[in-house]
1. Show the residue pairs meeting these rules: Cβ distance below 9 Å; 6+ apart or different chains; first residue within region 131-142 and free of Cβ contacts under 8 Å to residues at least 40 places away in the same chain; second residue outside any loop (DSSP other than H, G, I, E, B) and among the hydroxyl-bearing types (S, T, Y).
2. Suppose we filter region 89-124 for residues that are without any contact (Cβ under 8 Å) to a residue 40 or more places away in the chain and either within 18 Å of S35 (Cβ to Cβ) or touching a helix residue (DSSP H, G or I) at 6+ places or on another chain (Cβ under 6 Å) (or both); how many remain?
3. Residue under question is I90, and the condition is that it be out of contact with any Asp or Glu (no Cβ under 6 Å at 6 or more places or on another chain) and modelled with pLDDT of 95 or more; does it hold?
4. Taking region 1-27, which residues are of a type outside the set (F, W, Y) and in contact (Cβ under 8 Å) with a residue 40 or more places away in the chain?
5. With the requirement that a residue be within 26 Å of K89 (Cβ to Cβ) and surrounded by 15 or more Cβ atoms within 10 Å (Cβ to Cβ), what does region 64-77 give you?
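The values are calculated or read from the model by the stated rules, or taken from the named source; none is laboratory data. Not measured: the values here are computed from a predicted model. No Cβ is skipped: glycine too gets one built from the backbone with ideal geometry, and neighbour counts run over all protein chains shown.
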Amino acid sequence: MKNYDGIDLLMTPDGDLDLGSNGDINNTEKDQIASLQQKIISLLKSETGDWIDHPTLAVNLNSFIGEPNTRENAKRMETQIKNALIGTKIVEKQDLRVRVNAVGQTRVAIEIVVSARPTAFNSISRELEMTFFFSSSDGRVNWSPRSFGGI
């Protein structure tokens, strides 16, 4: 179990910079596991070519647009997500679990669980759990705030 704490600029769920009431840009210093959450969110929403400095940094969930919700596609999606998170060294292989389950004809729930070390600088007391919803009809990825720890 690794310490995934980090300090980064704090982003809103829409990807904008988070501004404090005084107009200053907030960061993840108060809850440093938020840095990991933001990296996972960004990677899941990214397609190849989105990042100028890292053109291959992406999960490419849009490759599943128009695909049926089958067990085979769920496994392919799990593999794609794991490969991206591990390949970019965002998460260690032994700390990562990914599950994809159909929740509708064109929607899947993506559960990402990271075994991360609780520290005085993060809000987790056990694993970091994040749930996303992906629509194979339009390619949208939504994050569920049901997640434990972080932002």
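1. Matching pairs, first to second residue: T131/S144; T131/S147; F133/S144; N142/S135.
2. 8
3. For I90, the condition - out of contact with any Asp or Glu (no Cβ under 6 Å at 6 or more places or on another chain) and modelled with pLDDT of 95 or more - is not met.
4. Result: M1, K2, N3, D5, L10, P13.
5. The first filter runs over region 64-77 and keeps only residues within 26 Å of K89 (Cβ to Cβ), leaving 64, 74-77.
Once the filter is applied, which keeps residues that are within 26 Å of K89 (Cβ to Cβ) and surrounded by 15 or more Cβ atoms within 10 Å (Cβ to Cβ), region 64-77 yields F64, A74, R76, M77.
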